[in-house]
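**Student:** Mind having a look at this structure? Questions to follow.
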Amino acid sequence: MSTAISADRTPGRSRRRAALGGVAAAVLVLLPVTQLCGVQPAGASPSMQATGSSFASVAIQEWVGQSSTLFGLNINWQVSSSVVGLNNFGQNQVDFAASDIPYSAQQSTYYPSIPYQYLPDVAGGLAFMFNLNGNDGQRISSLNLNSSLVADIFLGKITKWNDSAIAALNPGLAGDLPGQTIIPVFRSDASGENYLLSDYLLHQDGATFSQAQRDFQSGSAGAPTATWPVPSASSTYNPATYPGWAAGSPVGQSGSDNAANYVSALSSVGSITYVETAFAKEHNFPVAALANASGASVLPTSVNVATAMEAAILHTDLTQDLTNVYTNPLANAYPLSAYSYLVTPCSPSLAVAKGTSCAADPNGAPSTFPSQKGQALGQFAAYLACAGQEKMALLGYSPLPPNLVIEDFDAIGRMNGGQQPPPPTPANCKNPYVDGETPLPGEPAITGQSGGGVTTTTGAPGGVSGSGGSVASGAGGSTSSGGSGTGANSSGSGSSGSGNGATAGLSAAQIAAGDVIVNGKVVHRLDVGGPNRFLRADALVAATRQVVTSSQAEYIGWSLLFLAVLLGPPLFAMNKKRRSTGGIEAPPEADVSAP
């Protein structure tokens, strides 16, 4: 008898367990849905359109993907160029743009009719990616260039890889440089890369570049341009001066992707182009070391870019003056370094309330940018300024320093709907220069503000920087333990003091290895890479926790109430039936159709 009862109880238990399992499954399914919906209580995150800079595109694509996963942000990012980004924003065709050059450079056709601002998003080095085999048939992976060689190569004045000027700068390649034709790959579209390279060459060897502009009759001679100078149909340049152009060797490519793809092709041996370092990393191709003001040949690593950008001067609207970057005398400074920017709407009234201003308000009118978009864009900007910077060195960029993180936070507060974050700290901002994961070489100086120079904190590296003197007054000066200086550094960036946590006096190799000076001694920090990188999962956990808000709790509560109303009566009836049979369900009726 007991055997029959046991057999008869099994179907009832299975049905009850299935029902309870269905409830649990429904709850587990609905909880994530309500959490994602909770990011925007009124519905999904608003769709935003953005385009621009290929220089920063690898980083931006990373941020767009991560912010979509973590916060449900809906950003349609299209890679183009800085000038396209400026033009599209100027025509109100996108919600925000990405650009390496400002409107004041006068490289765009259209200009905004709405108030706007600039947000630095990442730093990077313009690298010379090359594809070259030696006389022994093996790929050459190490190459030294200087500003003179760069100008002569991309203006078509030097045409062979074994040219004496190249050989002189590369004694280690003696006899191995081939007599192959150089194929310079330039950007045929109007781009920030063209502007940056032309600005650099004008500062280094202005006479050569200006003369080529005049000979080619392309653009204003002596001014940087987003359009690379090529011989125009009406130009009467001397072919003997520019044999590369006479032979048709230079190749134009639109966009960094196309330029990098061209150089990396098997059929493109002998080619060289200029792209942000991330593109060379993506293709696993070498980049040239570039001679800096100290005479050292330096690669565009993250720390070398950050070191060079210490000498940058940022105007009050945060646009950059790279004059002192090109001539930064520090041994490990990569001279062709720059910041890239987001161009976003700005509310003049919010700016005034915070004691600041928008970059420009062409019509003197209030911002009409929807608050819902401002909230989403502010969340995106806050993410890229902090946790979004964590992988930048791995991708081929250099993270934002703490003072620019603060500026970005301030900019968020100038957008309609933007929720300005509290000041960045190691606890709330996982930017490697803020939380001390990476020693900070220095920060750029902002016009009218004290600051800049090398970090001289008394705590963990990457904290608050010492004051370098007022840039507005032209004083740069050295800093000591966070004090202000009035030295003769005209860049206003200052040199480091000897406070705890400083990187002053260290070699480029020591800085790159993570060494710092503590109490006058060189200390090697433990490796934060390798297996320890997985400890950084706290950044993802913290970001994920931000998804759960009070509005989401409301969604979860209503979902559970709905489940209770829907599934409560069947469960109650099942339980009542169970009690009436003493916990044993009646066996099923016999199947009368059975023979």
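Each value in this text was obtained by applying a stated rule to the coordinates, not by laboratory testing. Since the structure is predicted, the reported quantities are computational estimates derived from the model, not experimental observations. So basically every Cβ, Gly included, is an ideal-geometry build from the backbone, and we count neighbours across all protein chains shown.
**Student:** What value does the range 126-289 have for Rg/Rh, both radii from Cα atoms and Rh as Kirkwood defines it? Before the final figure, lay out each step's value.
**Tutor:** Values: Rg = 14.9 Å, Rh = 15.8 Å.
Looking at the range 126-289, the ratio lands at 0.94.
**Student:** On a full-extension model of 0.36 nm per residue, what is the gain between T368 and K354, subtracting their alpha-carbon distance, rounded to one decimal in nm?
**Tutor:** Extending this stretch completely gives an extra 3.2 nm.
**Student:** So if I take the centroid of the Cα atoms in the range 60-106 and the same for the range 163-214, what is the distance between those two points in Å?
**Tutor:** Result: 30 Å between the Cα centres.
**Student:** Okay, moving on. Within 13 Å, Cβ to Cβ, of S198, how many net charges do the neighbouring residues add up to if Lys/Arg are +1 and Asp/Glu are -1?
**Tutor:** Neighbourhood net charge equals -3.
**Student:** Same structure, new question: How big is the antiparallel share of DSSP beta bridges in the range 126-289, given as a percent to the nearest 5?
**Tutor:** If we restrict to bridges inside the range 126-289, about 55 percent are antiparallel.
**Student:** I'd like the distance between the alpha-carbon centres of the range 235-279 and the range 112-162, rounded to an integer number of Å.
**Tutor:** 10 Å
**Student:** Follow-up. With labels modelled as points extended 7 Å from the Cα through the Cβ direction, what inter-label distance (nm, one decimal) is found for L394 paired with T425?
**Tutor:** Reported label-point gap for L394 and T425 is 2.7 nm.
**Student:** For the residue pair Q180 and A168, what label-to-label distance in nm results when each label sits 7 Å from Cα along the Cα-to-beta-carbon direction?
**Tutor:** My value for the distance between the label points is 2.4 nm.
**Student:** Can you give me the distance in nm between label points at V230 and D136, each placed 7 Å from the Cα along the Cα-to-Cβ direction?
**Tutor:** Each label point lies 7 Å from its Cα, and together they span 3.8 nm.
**Student:** Largest first and in whole Å, give the semi-axes of the range 258-397's equivalent ellipsoid, each being the square root of 5 times a Cα gyration tensor eigenvalue.
**Tutor:** Values for the range 258-397, descending: 35, 20, 14 Å.
**Student:** Next up: Please give the length that would be gained between N284 and S113 if that part of the chain were fully extended, namely 0.36 nm times their separation in residues minus their C-alpha to C-alpha distance (nm, one decimal).
**Tutor:** Value of the extension gain: 57.3 nm.
**Student:** If you don't mind, there's one more thing I want to ask. How much length, in nm to one decimal, is gained on full extension between D321 and Q49, taken as 0.36 nm per residue of separation minus their Cα-Cα distance?
**Tutor:** The span from D321 to Q49 would gain 95.0 nm if fully extended.
**Student:** Test of the criteria: in the range 134-172, which trypsin sites (Lys or Arg not before Pro) are in a DSSP loop and have at most 16 other Cβ atoms within 10 angstrom of their Cβ?
**Tutor:** Passing both the DSSP loop test and the Cβ count: no residue.
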